[in-house]
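To start, the structure under review is shown below, and the notes come after it.
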Amino acid sequence: MVARGEIARFWSLESLHMVSSDGGTESSALVDDNGSEEDFSYEDLCQANPRYLQPGGEQLAINELIGDGSVVCAEALWDHVTMDDQELGFKAGDVIQVLEASNKDWWWGRNEDKEAWFPASFVRLRVNQEELSENSSCNHGGEPDEDASHNHHRHSENKHQMRTNVIQEIMNTERVYIKHLKDICEGYIRQCRKHTGMFTVAQLATIFGNIEDIYKFQRKFLKDLEKQYNKEEPHLSEIGSCFLQHQEGFAIYSEYCNNHPGACLELAQLMKQGKYRHFFEACRLLQQMIDIAIDGFLLTPVQKICKYPLQLAELLKYTTQEHSDYSNIKAAYEAMKNVACLINERKRKLESIDKIARWQVSIVGWEGLDILDRSSELIHSGELTKITKQGKSQQRTFFLFDHQLVSCKKDLLRRDMLYYKGRMDMDEMELVDLEDGRDKDWNLSVKNAFKLVSKSSDEVHLFCAKKQEDKARWLQACADERKRVQEDREMGMEIPENQKKLAMLNAQKAGQGKSKGYSGCPVAPPHQGLHPLHQRHVTVPTSVPQQQVFALAEPKRKPSLFWHTFNKLTPFRK
């Protein structure tokens, strides 16, 4: 099986650009009205377009550029979270200067903080490595007006060439991507379906997800891109409208990205058997696919959806406000950032529902519908005193989810055990802040209090917090809950029913297990000690870490801070 470093090498290679002054020769993969593209090979693309290097030439080319004194920069595709001082941490979208690329898996680079190793598969090289400034040359005396005009003209030509470079990168990477999707569908899926003795329908659905739907969608997308591409003057191409036209269609990547971790696990299990390793290799050879293992091909849609915002950001950088495509490119950039954000949010919610399901199983005497029938996120939790109209007080632990507030009571002897006491529908409730003093409606003296009043009945609930700051947190949490419900509605955020049922089934199977809590910090992989770069035999980290996030934009929501307290609030019963 090909090492993940080989996958990283190819996908970094895909973004490496060696552009001639005239923009290079364009290869094409035109899509007909039926959505099928003309056959072409990766080798054809490499030969037709010098921007695509043959495998193995990437490190040499980068180091030659560095050796010539060129500044080589890369943009981060993924967050790289590390606990190792000798690794370079960064966020998606950060710019890293590449100082050494002799190793295919790990490169040495510099950001604003320090110099260190970083995984090559986490970055893409910038299309335009060097830019000319309008004030790159100064003229003294002579004919200043003529020199200024010449410099302005030179700068305009340079801007046009840089925009051409980015446009050509988008077009060519899209064509290569279509070829890979075709190879997956025809080279792997078609052959797997013929061997019913080796693969079940469920296994194939797990491994390949909805990649056939993605292939169909991307063919239509490429067809529209080709229509908008100006072959004679690429810098005049207006492709922004294509992204805007298809922005809703890109949502299908959410299902694939969420399914991908499970696909990797299923594939890893199969690859333990020699017959599956030989089968997938035979499929690759029969389809005449490049020398990348199947897990590398299955990673491409995840990487592709993350590249679009970076590509559009770079295109926007070289698109003047006077350009006819400027407004569309700007809108497309924001749209694709939102797509990435939506995918990231759905992934986070899928991870969240597993924890919620395990939490519900730990509650004694649960009644009614499962919490996941309506909710998918814990927003706040803590203790409040609930007061009845008769003035009786009840100490309860409350859990505020989207759409509902769940009330629990601690066991008198085992304080780590909670009993279900009821819930309130937050969609039907209105929050009322109360001043300290006597409440006229209930004729009670209250402090740090607020009410939840039903919009459709006479139902009223009165709560008191221990401290003023506790009350403030609850008021803010209730406001956040309403805001998040609205955001979910606007974003079309819905968790599939089968995912909810699976989460509950897994939690029930785990049964009496104890909560492991939540840790948002990945475990750093073991690495060898890193020697100074100038030494002849450089020791690099031994493995490439996995990508930590999908989104390229800052998430609209911060991760919940409450899951780590679940171990204290509601540990799972033994």
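The values are calculated or read from the model by the stated rules, or taken from the named source; none is laboratory data. Values in this document were obtained by computation on a predicted structure and should not be read as measured data. For neighbour counting, all protein chains shown are included, and Cβ atoms are generated from backbone atoms with ideal geometry for every residue, glycine included. SASA here: full protein model, heavy atoms, side chains in, ligands and nucleic acids out. Shrake-Rupley method; radii C 1.70, N 1.55, O 1.52, S 1.80 Å.
How about the range 87-105: which of its residues are open to solvent by less than 50 Å² (accessible area, probe 1.4 Å), part of a loop (DSSP other than H, G, I, E, B) and at negative phi?
Answer for the range 87-105, where residues must be open to solvent by less than 50 Å² (accessible area, probe 1.4 Å), part of a loop (DSSP other than H, G, I, E, B) and at negative phi: Leu88, Gly89, Ala92, Ala101, Asn103, Asp105.
Going by what's in this entry, would Gln269 be described as assigned to a loop (DSSP other than H, G, I, E, B), of a type in the set (S, T, N, Q) and surrounded by fewer than 20 Cβ atoms within 10 Å (Cβ to Cβ)? If you could, list the steps in order and put the result at the bottom.
Values: assigned to a loop (DSSP other than H, G, I, E, B): no; of a type in the set (S, T, N, Q): yes; surrounded by fewer than 20 Cβ atoms within 10 Å (Cβ to Cβ): yes.
No: the conditions fail for Gln269.
Can you work out which of the residues in the range 198-226 that are without any contact (Cβ under 8 Å) to a residue 12 or more places away in the chain and in a helix (DSSP H, G or I) is surrounded by the most Cβ atoms within 10 Å (Cβ to Cβ)?
Taking the range 198-226 and keeping what is without any contact (Cβ under 8 Å) to a residue 12 or more places away in the chain, we get 199-202, 205.
Now restrict to residues that are in a helix (DSSP H, G or I): 201-202, 205.
Numbers: Val201: 9, Ala202: 9, Ala205: 13.
It comes out as Ala205.
Collect the residues in the range 352-389 that are in a helix (DSSP H, G or I), within 24 Å of Phe463 (Cα to Cα) and touching a residue at least 40 places away in the same chain (Cβ under 8 Å), keeping them in residue-number order.
Of the residues in the range 352-389, the ones in a helix (DSSP H, G or I) are 352-362, 371-373.
From what is left, the residues that are within 24 Å of Phe463 (Cα to Cα) are 359-360, 371.
Correct list: Trp359, Gln360.
Scan the range 476-499 for residues that are of a type outside the set (A, V, I, L, M, F, W, C) and modelled with pLDDT of 85 or more and report the count. I'd like the intermediate steps shown before the answer.
First, the residues of the range 476-499 that are of a type outside the set (A, V, I, L, M, F, W, C): 476, 480-484, 486-490, 492, 494, 496-499.
Narrowing further to those that are modelled with pLDDT of 85 or more: 476, 480-484, 486.
Count: 7.
Scan the range 424-457 for residues that are under 19 Å from Lys392 (Cα atoms) and open to solvent by 50 Å² or more (accessible area, probe 1.4 Å) and jot them down.
Selection gives Asp436, Arg438, Lys440, Asp441, Asn443, Ser445, Lys447.
Condition first: modelled with pLDDT under 90 and open to solvent by 30 Å² or more (accessible area, probe 1.4 Å). Now tell me which residues in the range 324-339 satisfy that. Spell out how you get there, then give the answer.
So in the range 324-339, the residues modelled with pLDDT under 90 come out as 337-339.
If the condition is that a residue be modelled with pLDDT under 90 and open to solvent by 30 Å² or more (accessible area, probe 1.4 Å), then Lys337, Asn338 are the ones that fit.
Residues of the range 177-206 being under 21 Å from the mean Cα position of the chain (by Cα) and over 30 Å from Leu244 (Cα atoms), which ones?
Residue satisfying the conditions is Thr206 alone.
Somewhere in the range 434-441, is a residue touching a residue at least 40 places away in the same chain (Cβ under 8 Å) and out of contact with any helix residue (DSSP H, G or I) (no Cβ under 6 Å at 6 or more places or on another chain)? Walk me through how you get there before you give the answer.
First pass over the range 434-441, keeping only residues touching a residue at least 40 places away in the same chain (Cβ under 8 Å): none.
No, the range 434-441 has no match at all.
Being in a loop (DSSP other than H, G, I, E, B) and at pLDDT below 90 is the requirement here; does Leu342 meet it? Break it down into steps so the answer makes sense when it comes.
Details: in a loop (DSSP other than H, G, I, E, B): no; at pLDDT below 90: yes.
Spelling it out, it is not the case that Leu342 is in a loop (DSSP other than H, G, I, E, B) and at pLDDT below 90.
Taking into account only those residues within the range 63-86 that are among the hydrophobic types (A, V, I, L, M, F, W, C), surrounded by 19 or more Cβ atoms within 10 Å (Cβ to Cβ) and in a loop (DSSP other than H, G, I, E, B), which is modelled with the lowest pLDDT?
Among those that are among the hydrophobic types (A, V, I, L, M, F, W, C), surrounded by 19 or more Cβ atoms within 10 Å (Cβ to Cβ) and in a loop (DSSP other than H, G, I, E, B), it is Trp78.
Can you find a residue that is more than 27 Å from Leu372 (Cβ to Cβ) and outside any helix (DSSP H, G or I) anywhere in the range 476-492?
First, the residues of the range 476-492 that are more than 27 Å from Leu372 (Cβ to Cβ): none.
Scanning the range 476-492 turns up no residue that is more than 27 Å from Leu372 (Cβ to Cβ) and outside any helix (DSSP H, G or I).
Given the structure, is Gly296 open to solvent by 10 Å² or more (accessible area, probe 1.4 Å) and either among the small types (Gly, Ala, Ser) or farther than 30 Å from Ile184 by Cα (or both)? Lay out the reasoning, then the answer.
Details: open to solvent by 10 Å² or more (accessible area, probe 1.4 Å): no; either among the small types (Gly, Ala, Ser) or farther than 30 Å from Ile184 by Cα (or both): yes.
No, not satisfied.
Starting from residues that are among the charged types (D, E, K, R) and assigned to a helix (DSSP H, G or I), keep the ones in the range 458-475 and report whichever is most open to solvent (accessible area, probe 1.4 Å). Let's see the steps before the verdict.
Our first condition is that a residue be among the charged types (D, E, K, R); within the range 458-475, this holds for 458-459, 466-467, 469-471, 473.
Subset that is assigned to a helix (DSSP H, G or I): 469-471, 473.
Working: Glu469: 94, Asp470: 43, Lys471: 9, Arg473: 121 Å².
So, considering only residues that are among the charged types (D, E, K, R) and assigned to a helix (DSSP H, G or I), the one most open to solvent (accessible area, probe 1.4 Å) is Arg473.
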